[in-house]
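Participant: Below you will find the structure I want to go over with you.
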Amino acid sequence: MEILVCVKRVPDSAENEISVAPNGADIKRDDLVYSVNEWDNYAVEEAIQIVERDGGKVTVISVGDSDAEEIVRREMAMGAEQGLLATDATFEGSDGLGIATILAAAAKKGSYDLILTGALADDGAAQVGGMIAALLDLPYASVVNKIETKDGKSLRIGREIEGGAQEINDIELPCVLSIQTGINEPRYVGIRGIRKVASVEIPVLDAAALGVTAGKVGADSANVKRVDYFVPVAGAGAEMLSGSNDELADKLVALLKAKGGIK
Amino acid sequence: MIHEPFSPATATLAGFPLWILFVLIPLVGIGCFAWIMARRAAPLFKGAPDPRFDRIPERIVMVLKLWLAQWRQPRYFLAGVLHIVVFFGFLVLGARSTEMVVLGFVDGFRLPGFGGALGEAYDVAKDVASTLVLIAVVILAIRRAFFKPARYAVPERYGKDHTPEALFVLGMIGLLMLSESAFEGSLLAAQREAGHSVTAFTLAWAFQQMFAGVATSTLAAVNLVAYVVHDLTFFFFLCFLPFGKHFHVITSLFNVYFMRLQLGNVKPVVHGITDAQLDDLKSFGVKKFEDFTWKHMLDFYSCVDCGRCSDHCPANAVKRPLSPRFISIKARDYAFEHYPVFGKSPTGDAPNLIGGIYTEDEIWSCTTCGACEEECPVGIEYIDKMVDLRRGMVDEGMVPQSLQKPMSALEKRGNPWGKLEKKRAEWTAGVGEGIEVKSVEKGDTADTLYFVDSISSYDDRSQKIAQATARVLAKGGIDFAVIGKDEKDSGHDVRRFGEEMLFQTLKEQNTEAIKASEAKTIVVNDPHALNALRNDYKDVPPVQHVSEVVALLIEGGKLKLNPLADATRTYTFHDPCYLGRHNGTYDPPRTAIDAIPGMKRVEMTGNCRDRSFCCGGGGLMLFYEPDEEQRMGVVRVNQAKDAGADVIVTACPFCMTNIEDAIKVAGLEGKMEVIDLVELVDRQMQQ
Ligand code: SF4
Ligand code: SF4
C-alpha cells in the first residue's frame with residue numbers, strides 16, 4: 001500500500017514555556033525547541049506498521065520552511081522510505097485550507113492508497129485532514145484509533161466516540177484518515193537513527209512543481225486570519241481541598257462524580 | 001612399592017584382565033569430556049570481543065580471594081560454610097582421584113612424592129576431607145529437599161524446579177566419597193594385621209571397622225566393585241558437569257579470573273571501537289545471543305543458580321518482571337539448545353533475544369543498582385548486559401513511551417523535564433543572604449566546580465539540596481562556581497538506558513563546559529553525576545562527592561556541628577547505590593553524621609553498605625512506569641523502620657525523591673523523615 005503521511009513541525013508544549021508575544025498575534029518564538037506534532041508521529045508509526053505487515057511504501061510530507069526538513073528526516077529515521085518538503089515563499093501565512101490545498105496537490109502527484117494526518121496539533125484546529133479529503137473527493141474518517149487492512153480495497157477502522165465508546169467502520173480505499181494518539185506505540189528515534197538518514201535527499205516541492213497558484217495559498221488568500229492571541233485571566237473558582245490523603249481522595253472522587261468526570 | 005593383597009590392576013573377570021577396562025574408562029571419559037568442552041566453547045568464539053587479558057596481578061588476587069578463599073560464600077552463612085567444605089574437599093581429593101584412576105592399571109600406585117611422610121599426611125587429609133564432604137552433602141541434600149530455601153524456587157514462568165538436578169549431583173558426590181572410602185576401607189581391613197592405621201572416625205575407618213574379620217576374597221570383591229563404581233561415577237560426573245549448573249565447578253576459576261575489576265563504569269558499545277567510530281557501527285548493542293561478549297557467555301555457563309543475586313535484587317523484591325538469576329539461566333539454556341553437544345545447531349537466522357528469551361519490561365526493570373554483582377560468588381556481571389540489551393532495544397526503536405519524552409527533552413534541552421537552559425542556575429537565588437554563588441556563565445572562575453546536574457538544578461525539592469550544598473561549601477571556605485546554562489545533564493542514566501549517542505553528545509557538551517571553566521576539581525551532590533564524571537567521562541578534573549568533602553572539612557575542624565536539637569530521634573544512613581557499591585564511599589557520610597553531638601545512629605543491618613537496597617533508581621528510572629507490586633522505596637523505608645530508625649539520611653537527590661514518596665505511600669508521614677546529608681550538615685553547622 002502506498003501511504004502518504006502529512007506531518008507538521010511544532011513547538012512541543014512539554015519542552016517549552018509558551019508565552020504570548022508582545023504583538024498579541026503569536027507566541028514568543030525566540031527560545032523554542034521544535035519537534036514533530038505528536039499526533040502526526042502516531043500516524044507515521046501506523047503507516048510504517050501497515051507497510052511492515054502488508055508491504056508498500058510510506059512517504060512523509062511537511063509544509064513549511066527549510067526548518068521543517070529536520071522533522072521529515074526524523075520520520076524517515078523512523079522508517080518512512082520517502083520524504084518530501086513543500087516549501088515556497090508564497091505558502092507562508094496560509095490558513096488551514098491553504099495548507100490542505102498544498103498537501104492535496106502533492107498527493108495528486110503520486111498515487112496514494114491512503115493519506116494520513118494527525119487528528120490535530122497543539123493548536124487544536126483539526127481541520128486539514130478533512131479538507132484534503134474534500135479537495136481530493138475521497139472518503140474521510142477522523143480521530144481514528146485502529147486500522148485493520150483487509151482485501152486492499154477497503155479498511156476496517158475504529159474511532160473513539162466521546163465518552164469512551166468505540167465505533168467500527170469500513171472505509172473504501174483510497175481514503176484520508178486523521179489519526180488519534182494511542183493508536184500504537186511510536187518507536188523511538190535517537191540521534192543515531194537520524195544520522196543514518198542524514199544524507200538522504202529530500203525533494204523540495206515548490207508552488208510551480210505542485211501547480212498551486214498564489215490565489216489559493218499564502219497569507220493574502222487566507223480567509224481565516226488570527227487577530228488576537230492571549231492567555232485568559234485566571235478566574236475565581238479554583239477550590240483547594242484539604243484533609244488527609246484518604247479524605248482528599250474521597251473528596252476528589254465525589255467532586256469528579258458530581259461534575260460528570262467519572263461515572 | 002607396597003604389594004597389595006588385591007588390586008583392580010591385577011583383578012580378572014572370567015580370565016579377562018580388568019586393567020584393560022580401567023585404561024579404557026579414563027580414555028573414553030577424557031575423550032568425551034574434551035569433546036563436550038570443545039562444543040561448549042564454540043559459541044564463545046562467536047562472541048563479541050572483550051579484552052580481559054590485562055591487570056594480571058589484580059586478577060590473581062581476585063582468584064585467590066573469590067575462588068580460593070571463597071570470599072563471598074559466608075555472606076549466606078550455612079550454605080556458604082557447607083560450600084567451603086565441599087570446595088576444599090574437592091581440592092584435597094583431586095590428587096586422590098588421579099591416584100584412583102591410575103590404580104586401575106598400576107598396582108599400588110602412588111603419586112610422585114607421596115611415598116613417605118607426605119603421603120601419610122595426605123592420606124589423613126583426604127580421609128577427613130571425604131568424610132566432611134559426605135556430611136556436607138547430606139546436610140545440603142536435606143536442606144534442598146525438605147527445607148527448600150526460598151531463593152532456590154523457580155517461578156512458573158521460568159520453567160521447572162531445579163531441585164532434582166541439584167539432588168542428583170549431590171548424590172553423585174556422595175557416591176564418590178562412599179566408593180572411595182569403601183575402596184580404601186576394604187583394603188585397610190585386609191591389611192589390618194600388617195599394622196596399617198587410619199584416622200579414626202573417618203569414612204574409611206568406618207568401612208575398615210565394618211569389614212573387620214571378613215574373608216579376603218570377599219574384601220577383594222568389595223574393593224573391586226567400589227573401584228568400578230568410583231571410576232564410572234568419576235568420569236560420568238566429569239562429563240555431566242557441562243550440562244547444568246555444576247558447570248561452575250570447571251568454569252568458575254576462569255570466570256573469576258576474567259571478572260570485571262573496575263567499579264562504576266559501563267563497557268563501551270564494542271571493545272576496541274572509539275567513541276568517534278561509533279557512527280560507523282551497523283548495529284548497536286546486544287540483539288542476538290552472539291552479540292554478547294565471550295565473557296558474558298562464560299558468565300552464563302558459570303552461573304551456579306544459587307539465587308543470591310535475585311535474593312538481593314530490588315526489582316525482583318518488588319515483583320518487577322526481572323530476576324537476574326534467570327537472565328543467566330535463560331541465556332545458558334539458549335546456548336545449550338543452539339550449540340548442542342550432540343547434533344547440529346538450529347539453522348536459519350538467530351532469533352532475537354528480546355521477544356525470545358527476554359521481554360522488554362524485564363530489561364527495563366533493572367535499576368543498575370549493582371546488588372546482584374556485589375553478591376555473586378563467582379563474579380557474574382549484569383549491568384553491562386542490561387546496558388547492552390538496552391542499546392539493542394534503543395537501536396530498534398523499542399523504548400517505552402514513558403521514556404521517550406524525557407529522552408527527547410534531554411536531546412533538545414539537556415534535561416529530562418524539557419526546562420529552559422537559561423533557568424538552570426535559578427536555584428542559586430535561593431541560597432540565602434550573603435552567599436553569592438559564582439557562575440561560569442557570568443564570567444566567574446573558581447578552583448572548584450560544583451556540577452549540579454539536572455535534578456538538583458530544576459526539581460523544587462532537590463534545589464534545596466543544591467542550596468544546602470552551596471552553603472556548606474561556602475562555610476567550609478571552598479571557592480566554587482557553577483557552570484550555569486551550559487551545563488547539561490551528566491547523561492549517567494541516558495547511557496545506562498542504552499542511548500549511547502545521546503550520552504556521547506551530553507558528555508561532549510559537558511566536557512567542553514568543564515574545560516572552559518578551568519576548574520581544578522569538581523564537587524557534586526548527586527552520586528549519579530559523581531559516577532558519570534568519574535567513571536564515564538575522560539579528561540575532566542578529579543571529582544568528589546560532597547559527603548567526602550564534608551567529612552574532610554569536619555575532620556579538619558573547618559566545619560563544626562551543633563548538638564541535635566531533638567535527641568530523641570534515631571538516624572540511619574541509606575547508602576545510595578552509586579555512592580556506595582559503585583564508588584566504594586561508605587564511611588565519609590557516616591563520619592559526617594556521627595560528628596554531630598548527640599547523634600544516635602543505627603545501621604539497617606543486613607541491608608546497609610554493600611548490601612544497601614535500592615530506593616527505586618535515579619535518572620530516567622524516575623520516568624519509567626514499571627510493572628511492580630510495590631515500590632522499592634517502600635521496602636527501603638520499612639527496612640529503616642525495622643532497624644528502629646525514624647530519620648533516614650541519604651546523600652542523593654533521587655533517593656530523596658523516592659524515599660519521600662515512599663514514606664507517604666507507606667503511611668509513615670510524621671513518623672519517618674528523610675533528609676539529605678548536606679541538609680543535615682547545613683542544619684547543624686555552627687555559623
Ligand atoms: S543491578 Fe540491581 S536491579 Fe539490576 S538486576 Fe542487579 S540487583 Fe537487580
Ligand atoms: S548469577 Fe551469581 S549470584 Fe546469581 S544465581 Fe548465578 S551464581 Fe548465583
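A short reminder: the numbers here are calculations on the coordinates, not readings from a lab. This is a predicted model, so every value here is computed, not measured. Note that we place each Cβ from the backbone using ideal geometry, even for glycine, and neighbour counts take in every protein chain shown.
Participant: Beyond 33 Å, what percent of the Cα pairs of the stretch A:2-210 remain?
Facilitator: 12 percent
Participant: Could you put A:ILE102, A:ILE194, B:ILE483, A:ILE262 in order, starting from the residue whose Cβ has the fewest other Cβ atoms within 10 Å?
Facilitator: Ranking A:ILE102, A:ILE194, B:ILE483, A:ILE262 by Cβ neighbours within 10 Å, fewest first, gives A:ILE262, A:ILE194, B:ILE483, A:ILE102.
Participant: Once the Cα gyration tensor of chain B is found, what semi-axes does its equivalent ellipsoid get, as square roots of 5 times the eigenvalues, in whole Å, sorted largest first?
Facilitator: Over the Cα atoms of chain B, the semi-axes work out to 58, 29, 21 Å.
Participant: Can you give me the span-like helices of chain A, meaning DSSP H runs with 15 Å or more of Cα extent along the axis and Kyte-Doolittle mean at or above 0.0?
Facilitator: Details: long enough: A:38-54 (24 Å, -0.81); A:96-109 (20 Å, 1.16); A:245-258 (20 Å, 0.21).
Helices meeting the span and hydropathy rule in chain A are A:96-109, A:245-258.
Participant: Turning to a different aspect of this structure: Bin by bin, in steps of 20 Å, what percent of the Cα pairs in the protein assembly as shown do you find, going until the bin that has the longest distance?
Facilitator: Whole-percent P(r) values from 0 Å outward: 12, 34, 31, 16, 6, 1, 0.
Participant: If I take every Cα pair under 8 Å that is 6 or more residues apart in chain A, average their sequence separation and divide by the length, what percent do I get for the relative contact order?
Facilitator: Here the relative contact order equals 23 percent.
Participant: Let me ask you something else. Just the number, please: Stokes-Einstein D of the stretch B:125-267 in µm²/s, Kirkwood Rh from C-alpha pairs, 10 °C, 1.306 mPa s.
Facilitator: Details: Rh = 17.8 Å.
Translational D for this selection: 89 µm²/s.
Participant: Starting from the Cα of B:VAL665, step 7 Å along the direction of its Cβ; do the same at B:PHE201; then give the gap between the two resulting points in nm.
Facilitator: Once both label points are built, they end up 5.4 nm from each other.
Participant: Pairing the Cα long axis of helix B:19-46 with the longest principal axis of chain B, what angle in degrees results, from 0 to 90 and rounded to the nearest 10?
Facilitator: For helix B:19-46, the angle is close to 20 degrees.
Participant: Counting other beta carbons within 10 Å of each residue's own, what order do B:VAL678, B:VAL61, B:VAL222 fall into, fewest first?
Facilitator: Arranged by neighbour count, lowest to highest, B:VAL678, B:VAL61, B:VAL222 become B:VAL61, B:VAL222, B:VAL678.
Participant: Turning to a different aspect of this structure: For chain B, find the longest principal axis of its Cα atoms and tell me its angle to the long axis of helix B:77-103, 0 to 90°, nearest 10.
Facilitator: That helix lies at roughly 40 degrees to the long axis.
Participant: Of the cross-linked pairs A:LYS153/B:LYS288; A:LYS196/B:LYS267; B:LYS600/B:LYS664; A:LYS257/B:LYS664, which ones have a Cα-Cα span greater than 30 Å in the structure shown?
Facilitator: On the way: A:LYS153/B:LYS288 39 Å; A:LYS196/B:LYS267 23 Å; B:LYS600/B:LYS664 24 Å; A:LYS257/B:LYS664 26 Å.
Violating the 30 Å Cα-Cα cut-off are A:LYS153/B:LYS288.
Participant: If you don't mind, another one. Rounded to the nearest angstrom and ordered from largest down, what semi-axes does the equivalent ellipsoid of the stretch B:504-645 get from its C-alpha gyration tensor (root of 5λ)?
Facilitator: 29, 24, 11
Participant: Subtract the Cα-Cα distance of B:GLN687 and B:ASP610 from 0.36 nm times their separation in residues, and report this length gain in nm to one decimal.
Facilitator: Numbers: separation 77, 0.36 × 77 = 27.72 nm, distance 3.49 nm.
My answer for the length gained is 24.2 nm.
Participant: Give me a single rounded figure for A:241-248: the average over its residues of other chain Cβ atoms within 10 Å of their Cβ.
Facilitator: Average neighbour count from other chains, rounded to a whole number: 1.
Participant: Okay, moving on. Could you give the angle, 0 to 90 degrees to the nearest 10, between helix B:216-240's Cα long axis and the longest principal axis of the Cα atoms of chain B?
Facilitator: Its long axis makes an angle of about 30 degrees.
Participant: Rounded to the nearest 0.05, what FRET efficiency do A:ARG53 and A:VAL33 have when you use their Cβ-Cβ distance and R0 = 45 Å?
Facilitator: 0.85
Participant: Remind me, relative contact order of the stretch B:135-236 in percent, using alpha carbon pairs under 8 angstrom and six or more residues apart? Show your work: numbers first, answer last.
Facilitator: On the way: 89 pairs, mean separation 28.5, N = 102.
The normalised contact order for the stretch B:135-236 reaches 28 percent.
Participant: Also, quick follow-up: Would you mind computing, in nm to one decimal, how far apart the modelled labels at B:VAL341 and B:GLU426 are, each placed 7 Å from Cα along Cα→Cβ?
Facilitator: My value for the distance between the label points is 6.6 nm.
Participant: Using Cα-only point scatterers and the Debye equation, what is log10 of I(q)/I(0) for the stretch B:578-687 at each q in 0.13, 0.15, 0.23 Å⁻¹, rounded to two decimals?
Facilitator: -0.49, -0.65, -1.51
Participant: Mind running the shape call on the stretch B:314-404? Use the C-alpha gyration tensor, a ≥ b ≥ c as the square roots of the eigenvalues: rounded below 1.5 for a/c, prolate if a/b tops b/c, oblate otherwise.
Facilitator: Cα axes put the stretch B:314-404 in the oblate bin.
Participant: A further question follows. Of all DSSP beta bridges in chain A, what percent run antiparallel (nearest 5)? All intermediate terms of the calculation are to be shown ahead of the outcome.
Facilitator: Details: 17 of 42 bridges.
That works out to approximately 40 percent antiparallel.
Participant: Using a Gaussian network model of chain A with C-alpha springs under 10 Å, which one of A:SER242, A:SER142, A:SER35 is most mobile by mean-square fluctuation?
Facilitator: It is A:SER242.
Participant: Normalising by the residue count of chain B, find the relative contact order in percent from Cα pairs under 8 Å and 6+ residues apart.
Facilitator: 12 percent
Participant: Viscosity 0.692 mPa s, temperature 37 °C: give me the Stokes-Einstein translational D for the stretch B:322-365 in µm²/s, with Rh taken as the Kirkwood radius over C-alpha pairs.
Facilitator: 285 µm²/s
Participant: In which sequence would B:PHE503, B:PHE16 go, from the one with the fewest C-beta neighbours within 10 Å to the one with the most?
Facilitator: Listed from fewest to most nearby Cβ atoms, that is B:PHE16, B:PHE503.
Participant: Still on this model: Scan around A:ILE27 for amide H atoms under 5 Å from its own, H built in the peptide plane at 1.01 Å from N, and keep only partners 5 or more places away or cross-chain.
Facilitator: For A:ILE27, whose amide H was placed from the backbone, the distant partners under 5 Å are A:ALA21.
Participant: Okay, next question. In whole Å, how far is the Cα centre of the stretch B:426-475 from that of the stretch B:18-32?
Facilitator: Here the two parts' Cα centres lie 75 Å apart.
Participant: Once every DSSP H run of n ≥ 4 in chain B is given -39500 (n - 2.57) and the sum is divided by its residues, what mean residue ellipticity at 222 nm do you get, rounded to the nearest 500 deg cm²/dmol?
Facilitator: That comes out to -15000 deg cm²/dmol.
Participant: Also, I was wondering about something else. With r defined as the distance between the Cβ atoms of A:ASN23 and A:ASP67 and R0 fixed at 22 Å, what FRET efficiency is calculated, to the nearest 0.05?
Facilitator: Computed FRET efficiency for A:ASN23 and A:ASP67: 0.55.
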